[in-house]
Amino acid sequence: MSHAVTQSPPASVPGATSLLSANAVAGVFRRLLQSVLRLAVKAGLRYAELDLILREELVRVAQQEIDGAQRANASKLSVMTGLHRKFVAAHLAGGSEASSSPATRSETAVSQVFQRWAHEARRKPALKRLAIAEDDKKKSFTELARSLVTDVHPRAILDELVRLGLASEAEGSVELLSDTFTPQGRSDALLALMKDNSSAMLDTSVANVLAARPLQLEQSIWGLGISLESAQKIAGVAADGWRDAHAKLFEAISDAPEAPKGDETYRIRIGMYVNYESHPGAST
């Protein structure tokens with residue numbers, strides 16, 4: 001038997017900020033990261049790069065939280081974020097000191113080897129194909145990797161380049177497939193769309209939790225215990241419903257008058273999503 005449930009936020013959330021639990025927010029943060037980190041691993045982003053991004057954005061958000069009349073100095077931001085004052089000060093000064101820190105440098109073992117290999121192959125195209133094992137007669141991938149990185153095994157670097165679609169391996173040799181560190185299958189257009197849509201949805205959810213403004217529409221309906229075929233059919237119903245809603249909403253947006261000159265302007269984004277995935281144990 002399947003079950004349908006509608007979810008929506010309460011009509012009002014008085015004093016929501018004071019009700020926030022650090023543990024509960026940490027749980028939300030962890031779950032949201034799981035989805036985003038799938039992209040990071042696919043794209044070849046490493047911990048050092050993600051760590052720097054997280055720290056920089058943490059400082060930036062903390063700056064936004066400080067009242068405009070107060071001074072967002074390094075000491076205040078360090079206390080708010082738990083980050084070392086030296087990093088915060090470097091970030092406020094332009095980020096040069098923080099970005100060049102050895103502990104957070106974006107140059108990783110894989111990207112270092114790839115960049116050197118691509119550089120040499122541009123100068124000498126024959127180097128696009130290398131023997132994997134060290135060879136006294138010709139340059140090998142192992143030799144190239146060991147000349148740049150000493151703490152990561154060349155085999156591990158090669159496996160990662162192959163996984164990212166930047167190199168292919170066959171019969172004891174490896175071939176460079178790209179001259180830029182851009183993993184295959186990435187779609188800049190889809191990534192841009194995901195960034196805009198996902199951030200807009202999250203902004204609405206966060207604002208509703210914080211009661212930072214009048215609650216905005218945030219609802220969903222979900223079902224349990226259904227088959228894949230049923231899920232796909234329901235997704236088709238949702239797509240048809242969106243087409244109908246899209247026409248009406250597009251017309252409403254097109255007919256909306258411009259804000260009077262000098263008034264604050266707003267952007268509105270309205271979306272719909274469908275997600276179905278395996279849910280073991282959901283059937284009854």
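What the table shows:
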read-out	value
Arg129/Tyr47 FRET efficiency (R0 30 Å; Cβ-Cβ; nearest 0.05)	0.45
Segment 109-176: radius of gyration over Cα atoms, expressed as a fraction of 2.2 N^0.38 Å	0.97
Zone of Gln216's modelled label, taken as backbone nitrogen in segment 245-267 under 11 Å from a point 7 Å along Cα→Cβ	266-267
At R0 = 35 Å, FRET efficiency that the Cβ-Cβ distance of Phe181 and Arg31 yields, to 0.05	0.75
At most 16 other Cβ within 10 Å, DSSP loop - trypsin sites (Lys or Arg not before Pro), segment 241-284	Lys261, Arg267, Arg269
Amide proton proximity set for Ala167, modelled H, under 5 Å, gap of 5+	Val162, Leu177
Net lengthening on full extension, Met272/Ile66 (0.36 nm per residue, minus Cα-Cα)	70.8 nm
Selection of GluC sites (Glu not before Pro), segment 190-284, meeting DSSP coil and at most 13 other Cβ within 10 Å	Glu258, Glu264, Glu277
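Quick note: the coordinates plus some simple rules give every number you see, no bench work behind them. Values in this document were obtained by computation on a predicted structure and should not be read as measured data. Reconstructed Cβ throughout: ideal geometry from the backbone, glycine too, with neighbour counts over all protein chains shown.
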